[in-house]
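The values are calculated or read from the model by the stated rules, or taken from the named source; none is laboratory data. Source: prediction; values computed, not measured. Here the Cβ positions follow ideal geometry from the backbone for every residue, glycine too, while neighbour counts run over all protein chains shown. These area figures cover heavy atoms from the full protein model, side chains too; ligands, DNA and RNA do not enter into them. Shrake-Rupley method; radii C 1.70, N 1.55, O 1.52, S 1.80 Å.
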Amino acid sequence: MAGKRQHHIPRSLQRGFLFSKEAEKTYVYRKNGHHSAASINDVAVEGYFYSHPSTDGNNSLDDNITKYETELAHMLETLRKSPTGNLIPSDLAAEVIAHLVPRNAHMRHIVRRGFGQMLSRMQDTFSDETSVKDMMGLGVPSPNETWKRHFDRFLDESPQIAIALRSMPIPKELLHRAVYVAAREHAETAIGKMTSMFGDVLLPMSEEMGKFIRDGHNKSLGDGRYSESQKTALQKLEWQLLEPIEGIAVMPDCVALGIDDDNEMFMPLLMTTINKARHVVMPIASTQILVGSRVGTSPPILTMFNADAIACSSELFISATQRSEFPLLACKMGERWQTEMDTTIEGLLEEKLPTKKSSKGSRAEVVVSAPINYQVSLIGLKNDGENERLSENVRQIVSNLSPLFQLSKLDGISFSSEFQKTLDEVDRGADFAQSREQFPDHIAAGAATVFVVRGGELKVQLLLNSAYGLSLLGKDQQDAEVVVHLVAAGLAQACTLSQIEYALPGFLMEPVAYENHDGLLHCAVRKAIRAYRYAHDSVGLGADNFIKQEFLKYMQAAFRLSCEALAEVKKKHANEANFQNLFETSIEAAGEMLTSAARVIGHNHGKGEQEIVFDDEGIDDILTKQQLSNWIGLFAKDLRRFWNTESWTREDFYDLNIHVERLLWANGVAIWRDPDGHGTMITSS
């Protein structure tokens with residue numbers, strides 16, 4: 001009948017590491033650095049480790065192991081009496097190791113580590129909506145291969161739906177994109193429920209892990225003797241006894257170590273592929289190490305055996321002597337196999353579960369710094385004394401903000417009493433019409449940036465109404481903060497240009513022909529990408545609450561006016577078809593809506609507010625009426641994802657084009673790539 005105290009490393013093996021044979025005591029070193037003398041009755045023993053009488057009854061696993069340990073003790077004694085350096089019968093060595101290695105607690109520690117990591121990763125994945133969306137192919141702005149596989153499988157399993165969809169007069173690419181957008185938007189609430197469900201399932205699994213692992217381990221031990229397949233593999237090695245080079249050998253709780261063809265250092269034998277093993281070593285006494293080597297190879301060099309054995313241990317090792325280095329080595333216990341286990345599990349999971357990417361708030365770090373060389377221009381201001389003060393104040397603001405931005409692309413900052421005239425007449429240094437960057441980026445009323453070319457280099461010029469300059473010189477604190485905020489936004493534009501040019505040199509100046517479908521749509525979203533960044537980066541630099549209210553007003557006006565413009569152009573197109581006018585108006589309207597929304601989103605994200613909640617009933621009404629309430633959250637996530645991407649490609653920019661299409665669908669305009677490659681098709685309802 002099984003007793004309560006069950007040894008997972010038998011005392012017959014521990015007796016080779018005694019400092020007191022009479023008292024049967026050894027020195028035990030633990031991972032926390034604690035060490036003490038202990039009776040082997042109390043070492044590597046746990047209550048009901050293998051069997052419990054209330055559940056296992058007679059002839060339990062522990063009973064079987066106890067019976068076999070009589071044979072084991074004789075085999076160990078035979079091994080210890082063998083001459084050093086002589087060959088040992090391989091069946092004897094193989095059977096001892098095949099029994100001892102799988103039965104100990106180290107096996108459970110390895111499984112617990114791996115299973116725990118998998119559960120943790122799964123719980124982390126399935127409790128995170130972003131990760132679940134990535135698994136489903138819904139984590140990126142536009143359709144991808146993962147999504148297409150899921151969608152095609154769905155159509156295969158739903159033939160009636162597939163037939164209905166194919167009968168619709170919609171190009172296949174447009175159908176894919178429309179269904180994808182709908183899936184993403186509706187997944188927002190569905191996935192939230194799913195992640196909660198997975199948490200409810202995985203948490204109990206985690207709590208039951210110990211029992212699960214114990215039961216699985218015991219079942220794997222069979223009758224408690226040894227694995228025939230492992231014994232057969234170990235018998236192929238040549239075995240001998242060697243004396244430890246370090247004078248004494250410790251006994252690790254993993255019992256045996258191995259080196260296989262995939263590793264260049266010792267690992268616990270449990271983590272070694274035995275069929276590929278080059279060397280297997282197991283100390284059977286403090287002065288004897290059992291060594292097995294592949295036929296035709298020399299024995300391993302064991303100058304660092306104790307350090308290897310300790311690093312491969314899990315919770316403890318025992319020794320017949322005390323040494324000053326042992327407590328320090330004990331602190332490194334488990335490092336080797338845990339690292340290997342983590343790497344192995346991560347490798348198995350990375351193809352199945354998405355890996356979270358680190359989030360970066362700014363990409364400025366990838367741009368090489370350069371000296372700031374810019375002009376401050378005051379146009380139409382007549383008070384020379386005030387002009388000098390204003391110029392000095394502006395330079396001081398730029399100097400204070402320069403550590404936050406890469407400003408090599410800043411061409412100048414101008415204040416003009418005739419803002420619009422100056423904006424229209426600014427010397428751009430090149431023709432921007434071909435690239436479709438001829439229009440300025442309006443940050444706020446009376447504040448805009450334009451691209452210029454100076455010395456063959458693309459740069460940014462910030463233009464402000466002279467009223468802002470006077471506010472900077474005035475006594476009203478909020479007015480001055482507004483100016484600081486707008487200047488900061490302009491500097492962020494210069495920094496953004498540096499980042500885009502660094503990633504894709506010349507991208508913004510490329511001519512965009514009507515045959516370039518992706519390029520055309522991108523013209524409606526590129527200003528939104530920049531607006532998000534300058535709104536994000538200028539937060540905290542003055543008048544945040546005032547600026548937010550202004551951005552909300554712009555957004556409400558942009559959506560209202562753009563929807564009206566689209567309704568009007570559709571009406572004209574229905575009476576007299578003018579596809580170019582319909583297209584140009586649609587792109588401009590979508591761009592205005594996206595840019596105004598991106599400003600609000602960027603400002604919210606800059607303040608750390610991840611959820612987009614509008615303090616404006618008018619905006620909510622517009623979004624609800626056009627069924628865009630779920631869309632705005634996705635647009636916010638996609639903008640943040642874009643700016644957290646470590647290395648941009650052209651496709652990263654074009655992926656956001658789907659938001660142009662989404663806003664146009666909401667307004668009864670469909671736009672898609674001509675399947676024959678002749679550019680862009682457009683229709684309206």
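Data overview
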{"quantity": "Segment 1-48: number of residues that are surrounded by fewer than 20 Cβ atoms within 10 Å (Cβ to Cβ), touching a His at 6+ places or on another chain (Cβ under 6 Å) and under 18 Å from LEU329 (Cβ atoms)", "calculated": "0"}
{"quantity": "Residue in segment 662-674 that is of a type in the set (A, V, I, L, M, F, W, C), modelled with pLDDT of 85 or more, part of a strand (DSSP E or B) and open to solvent by 30 Å² or more (accessible area, probe 1.4 Å) present", "calculated": "yes"}
{"quantity": "Qualifying residue in segment 255-266 (condition: part of a strand (DSSP E or B), in contact (Cβ under 8 Å) with a residue 60 or more places away in the chain and under 15 Å from GLN14 (Cβ atoms))", "calculated": "no"}
{"quantity": "Of all residues in segment 228-241 being surrounded by fewer than 18 Cβ atoms within 10 Å (Cβ to Cβ) and farther than 8 Å from ALA94 by Cβ, the one that is farthest from the chain's Cα centre (by Cα)", "calculated": "GLU238"}
{"quantity": "Test: residue in segment 517-526 that is more than 19 Å from ASN657 (Cβ to Cβ), open to solvent by less than 10 Å² (accessible area, probe 1.4 Å), assigned to a loop (DSSP other than H, G, I, E, B) and out of contact with any Phe, Trp or Tyr (no Cβ under 8 Å at 6 or more places or on another chain)", "calculated": "no"}
{"quantity": "Number of the condition not met by ASN373 [criteria: (1) at pLDDT below 85; (2) over 30 Å from TYR532 (Cβ atoms)]", "calculated": "(2)"}
{"quantity": "Given (1) open to solvent by less than 50 Å² (accessible area, probe 1.4 Å); (2) modelled with pLDDT under 90; (3) under 24 Å from ALA98 (Cα atoms), index of the condition GLY57 fails", "calculated": "(3)"}
{"quantity": "Any hit, segment 570-591, residues being open to solvent by 60 Å² or more (accessible area, probe 1.4 Å), of a type in the set (Gly, Ala, Ser) and either modelled with pLDDT under 90 or not in a helix (DSSP H, G or I) (or both)", "calculated": "yes"}
{"quantity": "Close pairs from segment 471-495: first under 18 Å from GLY412 (Cβ atoms) and of a type in the set (Ser, Thr, Tyr), partner assigned to a helix (DSSP H, G or I) and open to solvent by less than 30 Å² (accessible area, probe 1.4 Å), Cβ under 9 Å, at least 6 apart", "calculated": "none"}
{"quantity": "Set ILE259, ILE284, ILE289: member being open to solvent by 10 Å² or more (accessible area, probe 1.4 Å) and of a type in the set (Val, Ile, Thr)", "calculated": "ILE259"}
{"quantity": "Where a residue in segment 372-396 is under 13 Å from SER466 (Cα atoms) and open to solvent by 40 Å² or more (accessible area, probe 1.4 Å) and its partner, wherever it lies, is part of a strand (DSSP E or B) and among the β-branched types (Val, Ile, Thr), with Cβ under 9 Å and at least six apart", "calculated": "SER377/ILE413"}
{"quantity": "Every pair of residues 6+ apart whose Cβ atoms lie under 8 Å, when the first sits in segment 549-575 and is closer than 19 Å to GLY602 by Cβ while the second is surrounded by 18 or more Cβ atoms within 10 Å (Cβ to Cβ) and of a type in the set (Ser, Thr, Tyr)", "calculated": "PHE551/SER596; TYR554/SER596; MET555/SER596; ALA557/SER596; ALA558/THR595; ALA558/SER596; PHE559/SER596"}
{"quantity": "Residue among ALA598, ALA557 that is in a helix (DSSP H, G or I) and at pLDDT 95 or above", "calculated": "ALA598"}
{"quantity": "Any chance HIS485 is touching a Gly at 6+ places or on another chain (Cβ under 6 Å) and open to solvent by 10 Å² or more (accessible area, probe 1.4 Å)", "calculated": "no"}
{"quantity": "Wholly within segment 272-351, helices (runs of 4 or more DSSP H) carrying at least 1 residues that are farther than 16 Å from ASN32 by Cα", "calculated": "305-312, 335-350"}
{"quantity": "Residues of segment 432-477 satisfying the condition of being in a helix (DSSP H, G or I) and either open to solvent by less than 60 Å² (accessible area, probe 1.4 Å) or among the hydroxyl-bearing types (Ser, Thr, Tyr) (or both)", "calculated": "SER466, ALA467, TYR468, GLY469, SER471, LEU472, LEU473"}
